[in-house]
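Trainee: One structure, pasted below without further comment.
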Amino acid sequence: MIGKGLRNEAVIDAMKSHGAVYFGAIGGAGALIAKSIVAEELIAFPELGTEAIRKLTVKDFPAIVIIDSYGNNLYKTGREKFQINTL
């Protein structure tokens, strides 16, 4: 998946079960990211058009793995790292 927002625990659990990752991208960077796609394969839901599920082959991909296939979540760990203890 590619996006720029949080994912809930149900999605993260499904990612772990299926070996998926979640890439974070800067909003509005779609044209830049699209230039990195060297091949694509339609996997499911062709009737959804641009929202169909596709397998992408990329080169020099300008995105960051936010949630890996083990459930490690940069949104969570990044915030915890810089959280100020107010107690």
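Trainee: Helix 9-18: angle to the longest alpha-carbon principal axis of the chain, degrees 0 to 90, nearest 10?
Mentor: Helix 9-18 and the main axis of the chain meet at about 50 degrees.
Trainee: If you put +1 on each Lys and Arg Cβ and -1 on each Asp and Glu Cβ, how big is the dipole of region 2-82 around its Cα centre, in Debye rounded to 20?
Mentor: On the way: 10 positive and 9 negative charges, 61 e Å.
Using Cβ point charges on Lys, Arg, Asp and Glu, region 2-82 gives about 300 debye.
Trainee: Just going by the charge dipole of the chain, with Lys and Arg at +1 and Asp and Glu at -1 on Cβ, which of ILE43, ILE84, SER17 is farthest out on the positive end?
Mentor: ILE84
Trainee: Who wins for biggest fluctuation among GLY24, GLY49, GLY71 in a Gaussian network model of the chain, springs between alpha carbons below 10 Å?
Mentor: GLY49
Trainee: Can you list the trypsin sites (Lys or Arg not before Pro) in region 45-87 that are in a DSSP coil and have 15 or fewer other beta carbons within 10 angstrom? Intermediate values should be presented prior to the final figure.
Mentor: Values: sites: ARG54, LYS55, LYS59, LYS76, ARG79, LYS81; in loops: LYS59.
For trypsin sites (Lys or Arg not before Pro) across region 45-87 that sit outside H, G, I, E and B with at most 15 neighbouring Cβ atoms in 10 Å, the list reads LYS59.
Trainee: Near the amide H of PHE23, under 5 Å away, which other amide H atoms are found, from residues 5 or more places off or on another chain, if H is placed in the peptide plane?
Mentor: Amide H neighbours of PHE23, under 5 Å, 5+ apart: ILE2, GLY3, ILE66.
Trainee: Further question: Within region 23-40, which residues have the backbone N less than 16 Å from the label spot 7 Å out from LYS81 along Cα→beta-carbon, could you tell me?
Mentor: It comes to 24, nothing else.
Trainee: Counting only DSSP beta bridges with both residues in the chain, what percent are antiparallel, rounded to the nearest 5? List each step's numbers first, then the result.
Mentor: Values: 10 of 12 bridges.
Rounded to the nearest five, the antiparallel share is 85 percent.
Values quoted throughout were computed directly from the atomic coordinates according to the rules given, and no laboratory measurement underlies them. Bear in mind the structure is a predicted one, so any value in this text is a computation, not a measurement. As a convention, Cβ positions derive from the backbone with ideal geometry for all residues, glycine included, and neighbour counts pool all protein chains shown.
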